[in-house]
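The values are calculated or read from the model by the stated rules, or taken from the named source; none is laboratory data. From a predicted model like this one, the values you see are computed outputs, not experimental measurements. So basically every Cβ, Gly included, is an ideal-geometry build from the backbone, and we count neighbours across all protein chains shown.
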Amino acid sequence: MCTLCEKHKESIPHLVFECSNALGIWSWVREIFPISHFSNMDYLLSFIKSDGSPLVKFIKLVVIIFSIWMIWRMRNFSCFQDKIEVSRVILVIKDLTCLVGNSSKASMKNDMLDFHVIKFFSINTRTGKVLRPLLVRWEFPSLGWVKINTDGAAKGYTDLATCGGIFRGSMREFIGAFSTFLEVQIVLVAEFYGVIHAMEKLKIWGLLMFGWNMIMF
Ligand SMILES: [Zn+2]
């Protein structure tokens, strides 16, 4: 009998993929990485091999190894000592992944998944080698166009979020700006809200009525 759930016959597939304790851990992993389910070893292996920067691939491997190790420890503890809460196990996996991730020299990509993952595990950022530096600068729009620069920011998943934007014309003149407090706490949603609010402001200020063209970054 499985000592964790005390409902099913104990076996490795049950302990790792079917037991409610394991499902709690995999559900937590799915909140961090974009994967639909972990129902057998093939899914785990394809998850580890799936696309990503060297750092994210390394973190995936570390999370999987620690998750399986902690599932086994939960099983042994429940046999010989006492049961461990899944929430406590998740904290241990998170701390260990942070420790190992920070000792890795693997490089990251400058994309949202990498930033999300390394921030979640409190791992220090490290960028890949820049092969060809590219100068990026703001340029004013052509005659009859309005350029809108928007931005959204969130402080983690439990704190405040905001978005804002600035409108400038073809002579670089300031047309207007806005900033808004948001209830959402996800940076990507905050970025989208920045664009949506900019569209609303355009309507309010009547720029669309004058038939102005628009560039939005
Ligand atoms: Zn079980």
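So is K147 under 24 Å from P34 (Cα atoms) and surrounded by 14 or more Cβ atoms within 10 Å (Cβ to Cβ) or not?
Criteria not met by K147.
Taking the conditions exactly as written (surrounded by fewer than 17 Cβ atoms within 10 Å (Cβ to Cβ), under 17 Å from the mean Cα position of the chain (by Cα) and either among the β-branched types (V, I, T) or within 16 Å of the ligand (Cβ to nearest atom) (or both)), does S27 satisfy them or not?
In short, yes.
Rundown of residues vs (1) in the same structural domain as S107 (by TED's automatic domain parsing); (2) within 23 Å of K94 (Cβ to Cβ); (3) away from the ligand (no atom under 14 Å from the Cβ), yes/no style:
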site: M1; (1), (2), (3): no, no, no
site: N40; (1), (2), (3): yes, no, yes
site: G52; (1), (2), (3): yes, yes, yes
site: I64; (1), (2), (3): yes, yes, yes
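Kindly indicate whether V86 is in contact (Cβ under 8 Å) with a residue 40 or more places away in the chain and touching a strand residue (DSSP E or B) at 6+ places or on another chain (Cβ under 7 Å).
It is false that V86 is in contact (Cβ under 8 Å) with a residue 40 or more places away in the chain and touching a strand residue (DSSP E or B) at 6+ places or on another chain (Cβ under 7 Å).
Over 25 Å from D114 (Cα atoms) and either touching a residue at least 12 places away in the same chain (Cβ under 8 Å) or away from the ligand (no atom under 16 Å from the Cβ) (or both): which single residue out of F33, F17 fits that description?
So the residue among F33, F17 that is over 25 Å from D114 (Cα atoms) and either touching a residue at least 12 places away in the same chain (Cβ under 8 Å) or away from the ligand (no atom under 16 Å from the Cβ) (or both) is F17.
Does K119 meet the test of being at pLDDT 85 or above, charged (D, E, K, R) and either over 28 Å from H197 (Cα atoms) or not in a strand (DSSP E or B) (or both)?
Criteria met by K119.
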